[in-house]
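First up is the structure itself, then whatever we jot down about it.
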Amino acid sequence: MSAAVKAVKEIFSPRYGYKRAGVVFNKLQRASHTMYSLFEDVQHREKEQKLSQVMDRIRGAYGKNALTLASQGGAQVYVSSNHKSPAYTTQWSDLPKVTVR
C-alpha cells in the first residue's frame with residue numbers, strides 16, 4: 001500500500017466533502033546547479049535562502065504558526081494612533097492654537 005493511501009485512510013472523515021487535487025514538482029534541481037541571470041543579485045538570493053532556513057528552524061522549534069511573513073496575512077494587526085502626527089493640512093482641530101496677549 002502506498003504512503004499516500006495510508007495517509008488518506010488516517011485522515012479521512014465522512015463529515016467533510018473532499019475534492020481531488022494534484023501537485024506537480026517541475027524543474028527540480030540541486031541548488032549548486034542553479035544558473036543565475038546576468039542581472040540577478042546573487043547575494044540577495046543567498047540572504048533570502050539563509051532567512052528561509054532560519055525561519056524553518058524557528059518553526060521547527062516553536063511550531064509552524066510561530067512565525068509568519070506580513071504578506072501572508074492571517075494575523076490580526078492592531079494599530080495604535082496614540083503617537084500619530086497632527087494632520088495640520090486636513091483637520092481644523094489639529095491646527096495649533098495661538099493666544100496673543
Original post:
For the range 49-99, which residues satisfy the criterion of being β-branched (Val, Ile, Thr), within 30 Å of residue 34 (Cα to Cα) and at pLDDT 85 or above?
Top reply: 54, 58
**OP:** Identify, by number, the condition in (1) exposed (fewer than 10 other Cβ atoms within 10 Å of the Cβ); (2) not in a loop (DSSP other than H, G, I, E, B) that residue 60 doesn't meet.
**Re:** (1)
**OP:** Please specify each residue of the range 18-35 satisfying the condition of being of a type in the set (S, T, N, Q) and not in a helix (DSSP H, G or I).
**Re:** 26, 29, 34
**OP:** Would you mind stating whether residue 38 is part of a loop (DSSP other than H, G, I, E, B), free of Cβ contacts under 8 Å to residues at least 60 places away in the same chain and surrounded by 10 or more Cβ atoms within 10 Å (Cβ to Cβ)?
**Re:** no
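What tally of residues in the range 1-21 results from selecting those that are of a type in the set (D, E, K, R) and modelled with pLDDT of 85 or more?
Going residue by residue through the range 1-21, those that are of a type in the set (D, E, K, R) are 6, 9-10, 15, 19-20.
After this cut, where a residue has to be modelled with pLDDT of 85 or more as well, the list is 6, 9-10, 15.
Going through the range 1-21 one residue at a time, the tally reaches 4.
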Original post:
Here are some conditions: (1) within 22 Å of the chain's Cα centre (by Cα); (2) of a type in the set (Gly, Ala, Ser); (3) surrounded by 10 or more Cβ atoms within 10 Å (Cβ to Cβ). Residue 71 meets all but one. Which one does it not meet?
Top reply: (3)
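The values are calculated or read from the model by the stated rules, or taken from the named source; none is laboratory data. This is a predicted model, so every value here is computed, not measured. Here Cβ is always computed from backbone atoms with ideal geometry, including for glycine, and neighbour counts include all displayed protein chains.
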